[in-house]
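Report on the structure given below.
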Amino acid sequence: MLDHVSISHQNGLILWSRSFTPTFASLVQTSASPVNALIKEAFIEGKARNEEEGFEKDGYSVRWTMENGLGLVFVVVFPALLPLTYIPELLQRTKQLFVSLFQPYLQSLIDSLAAGTLVLSSASATALGALKESIVENRWEAIFDRCLKSLEGTRKPARTPVNLHRQAQLNAASDASTPALSDTENTPVTAEEIAKNVQALKTKMKGGRGKGGRGGRGEGADEMAALDFSAPADANAAVDTEGLVSNEALGVRNASGTYEVADWDYKRSVEDDLPSEEEILAKRVDALAIKPSAEEDLRQSSAWSNVFSRLTGKKTLTQEDLKPVLVEMERHLMSKNVAKDISEKLCESVGAALVGKKLGGLNSVKSEVQNALSLSLTRVLTPKTSTDILLEIQRKRSASSLASPDAPPDPYALTFVGVNGVGKSTNLSKVCFWLLQNGLRVLIAACDTFRSGAVEQLRVHVRNLGALGSEMGMEEESGNKKIELFERGYGKDAAGIAKDAIAYAKENKFDVVLIDTAGRMQDNEPLMRALAKLVSVNNPDKIIFVGEALVGNEAVDQLSKFDRSLKDFSSAGGLQKKRGIDGIILTKFDTIDDKVGAALSMTYVTGQPILFVGCGQTYTDLRQLKVNHIVQALLS
């Protein structure tokens, strides 16, 4: 929406500029440029201009702000007929960020321009060159783009009276161009004419029906057959694997040859690895904290030391000091999608730990709270149990082989549970791709016998993964397929299907069984009892809850009730230990940016780790979560 933005000295020296349209890029090089007009009238000729009102020239609106200490002018140009309400905030944020980033270079340049001449001296040219190098080095354009994008995404242009007046003119012109109805058109139609029209309509409708039948669309049998997709797919049909994986999302193989999925990092993109605006503004604060010179008078230095000691080193934190900062932190966590009660509990525990503590150095109350909260979040998110599924699979195979050397080893079983529509089957297939990449044979058990199309969906995934296996070097071993689907159709007992699938997997030497279950609401007791029956009958090695990253409080409710129902109903007979949720997969993680509060909420409730997060539509769009990345995203 902008045409041009520039940062210059009030004597006309351009420090940085950018044109957003080819038209203005040509215009800015001429004397007719609105920016040149502003510099000439307001700063060279000294004509009074109001920053808030700006001025218009040749259809462009020009707004600016000054940095009086350095004599800098920040200018934004946009179409005069397009009112942009975020321009004042954009100018202020641009000024703060630019000065904070380049303060030393700017001061050096301004000092060399103190003589007031428009001709650059060698010192000025050197200082200007150093500034421009620093602008490129610190990626100022990307920082400005991020700032502009954040404002454009939250502020919409307002409709002004000018626009409304223009719309009224267009409406009036439209009304004037519409011919008025003639007198004959207002004459009532006779009964005889109505009867003729009705008969003509009936004749037309009878004649319009083709061999397509009652639908009146006229499709023939061949055309209708072409639209029928209910027949089973050809098992031998070729699979287009081009869009099934993303090379950018592929994981890596470590030194031992194990395929590891990529780490999730909210700073992965070029824009996101830029320093935050808070970090940039903090640079200016740090630069202003000038240390006293060694040549200063000792008594004066001692006096200042006493002042700083009283203000910082002797400060003991009280509940009143912490309360406003903790309230702010609680709101910040909730804005990151952390559940409300969990945000309150975390901040309460941080406050209790800090009351009575003395501030050291120049630390502020806010920085102390942030540090304490960071440590608390790290403790909550650090897994209490192993998250290395591959290692657990190997251990189970080894233990099973030692116990029964002559029998095939027991397969490792993972059961996927969750509410409807969160992506259990899709993320099960992603986990399957990861296991296949590590050379394991996988059997998928279709235990969702309720949802229409659930078995067919898994059948498609198995066909796709099989085709990918052939293409990526995961060949069949001695005629045994690397992946198969075990299914018994619809309306059957899910617990019985899972039991048969595990027995089939052991007999045919599959390494892993992935059990897909029907989605169900956490408050539906009969369905939760059926799920608990599947768990108690088959005793899977891991019960994985699949939930959306988009929800906050609802995620806590879903997970806590699934966990409690499984523990209550799976041990109802008193014959075995309680089984709850063992791990979590969060889906749709690519839609939340840095609002990762659901990961914290779910881990806080059960103490169980986030095993993976789903970040897209391909089989490679699976990520691991690092604790430090989640903490950074929550505190950013």
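The values are calculated or read from the model by the stated rules, or taken from the named source; none is laboratory data. Just so it is clear, the model here is predicted, and its values are computed rather than measured. So basically every Cβ, Gly included, is an ideal-geometry build from the backbone, and we count neighbours across all protein chains shown. To get the accessible areas, we keep the full protein, side chains included, count just its heavy atoms, and leave off ligands, DNA and RNA. Shrake-Rupley method; radii C 1.70, N 1.55, O 1.52, S 1.80 Å.
State all residues of region 476-532 that are closer than 17 Å to Asp410 by Cα and either of a type in the set (Gly, Ala, Ser) or without any contact (Cβ under 8 Å) to a residue 12 or more places away in the chain (or both); if no residue qualifies, say none.
Within region 476-532, Ala498, Ala501, Ala503, Ala505 meet the criteria.
Within region 625-632, is there a residue that is more than 19 Å from Thr378 (Cβ to Cβ) and among the aliphatic types (A, V, I, L, M)? Write out each step before concluding.
Residues of region 625-632 more than 19 Å from Thr378 (Cβ to Cβ): none.
No.
Might you check whether a residue that is modelled with pLDDT of 80 or more and open to solvent by 70 Å² or more (accessible area, probe 1.4 Å) occurs anywhere in region 297-319?
So the first thing to find is which residues in region 297-319 are modelled with pLDDT of 80 or more, and the list is 316-319.
Right, trim to open to solvent by 70 Å² or more (accessible area, probe 1.4 Å) and you get 319.
Yes - at least one qualifying residue is present in region 297-319.
Could you grab the pairs with beta carbons closer than 7 Å, sequence gap of 6+ or different chains, first residue in region 329-356 and among the β-branched types (Val, Ile, Thr), second one not in a helix (DSSP H, G or I)?
As it stands, the answer is Val338/Gly552; Val355/Leu317; Val355/Thr318, since those pairs meet every condition given.
So Phe43 passes all but one of these: (1) in a strand (DSSP E or B); (2) modelled with pLDDT under 80; (3) among the aromatic types (Phe, Trp, Tyr). Which condition number does it fail?
(1)
Which condition does Lys336 not pass, out of (1) at pLDDT below 90; (2) charged (D, E, K, R); (3) open to solvent by less than 60 Å² (accessible area, probe 1.4 Å); (4) touching a strand residue (DSSP E or B) at 6+ places or on another chain (Cβ under 8 Å), if it passes all the others?
Answer for Lys336: the failing condition is (4).
Filter region 72-115 down to residues that are of a type in the set (Gly, Ala, Ser) and not in a helix (DSSP H, G or I) and give me whichever is nearest to Ser8 (Cα to Cα).
Initial filter on region 72-115 (of a type in the set (Gly, Ala, Ser)): 80, 100, 108, 112, 114-115.
Going one step further and asking which of them are not in a helix (DSSP H, G or I), we end up with 80, 114-115.
Values: Ala80: 22, Ala114: 15, Ala115: 17 Å.
By that ranking, first place goes to Ala114.
Does region 380-407 hold any residues that are without any contact (Cβ under 8 Å) to a residue 40 or more places away in the chain and assigned to a helix (DSSP H, G or I), and which are they?
Leu391, Gln394, Arg395, Ser398, Ala399, Ser400, Ser401, Leu402, Ala403
Looking only at region 408-467, how many residues end up being free of Cβ contacts under 8 Å to residues at least 24 places away in the same chain and either on the phi > 0 side of the Ramachandran plot or open to solvent by less than 10 Å² (accessible area, probe 1.4 Å) (or both)?
Of the residues in that region, 1 qualify.
Go through (1) within 19 Å of Gln632 (Cβ to Cβ); (2) open to solvent by 20 Å² or more (accessible area, probe 1.4 Å); (3) part of a loop (DSSP other than H, G, I, E, B); (4) of a type outside the set (Asp, Glu) for Ala372 and report which single condition fails.
(3) is the only condition that Ala372 fails.
Restricting attention to region 339-369, report how many residues are touching a strand residue (DSSP E or B) at 6+ places or on another chain (Cβ under 6 Å) and surrounded by 14 or more Cβ atoms within 10 Å (Cβ to Cβ).
Looking only at region 339-369, we keep the residues that are touching a strand residue (DSSP E or B) at 6+ places or on another chain (Cβ under 6 Å), and these are 358.
Retained after the next criterion (residues that are surrounded by 14 or more Cβ atoms within 10 Å (Cβ to Cβ)): none.
Number satisfying all stated conditions: 0.
Determine whether region 24-32 contains at least one residue that is assigned to a loop (DSSP other than H, G, I, E, B), more than 20 Å from Cys147 (Cβ to Cβ), at pLDDT below 85 and among the hydrophobic types (A, V, I, L, M, F, W, C). Show your work before the answer.
To start, the set of residues in region 24-32 that are assigned to a loop (DSSP other than H, G, I, E, B) comprises 28-32.
Narrowing further to those that are more than 20 Å from Cys147 (Cβ to Cβ): 28-32.
Keeping just the survivors that are at pLDDT below 85 gives 28-32.
Within this subset, residues satisfying the condition of being among the hydrophobic types (A, V, I, L, M, F, W, C) are 28, 32.
The answer is yes, given that some residue of region 24-32 is assigned to a loop (DSSP other than H, G, I, E, B), more than 20 Å from Cys147 (Cβ to Cβ), at pLDDT below 85 and among the hydrophobic types (A, V, I, L, M, F, W, C).
State whether the residues of region 392-412 include one that is of a type outside the set (Val, Ile, Thr) and within 21 Å of Leu559 (Cβ to Cβ). Outline the logic, then answer.
Step one: of region 392-412, the residues of a type outside the set (Val, Ile, Thr) are 392, 394-412.
From what's left, within 21 Å of Leu559 (Cβ to Cβ): none.
For region 392-412, residues of a type outside the set (Val, Ile, Thr) and within 21 Å of Leu559 (Cβ to Cβ): absent.
Could you check, for region 259-269, whether at least one of its residues is modelled with pLDDT under 50, over 29 Å from Ser636 (Cβ atoms) and surrounded by 13 or more Cβ atoms within 10 Å (Cβ to Cβ)?
no
What pairs come up if the first residue lies in region 250-264 and is farther than 20 Å from Gly614 by Cα, the second is among the acidic types (Asp, Glu) and open to solvent by 50 Å² or more (accessible area, probe 1.4 Å), and their beta carbons are under 7 Å apart, counting only those six or more places apart or on different chains?
The qualifying pairs are Asn254/Glu260.
Which of (1) within 30 Å of the chain's Cα centre (by Cα); (2) at pLDDT below 85 does Gln96 not meet, given it meets every other one?
Among (1) within 30 Å of the chain's Cα centre (by Cα); (2) at pLDDT below 85, the lone unmet condition for Gln96 is (2).
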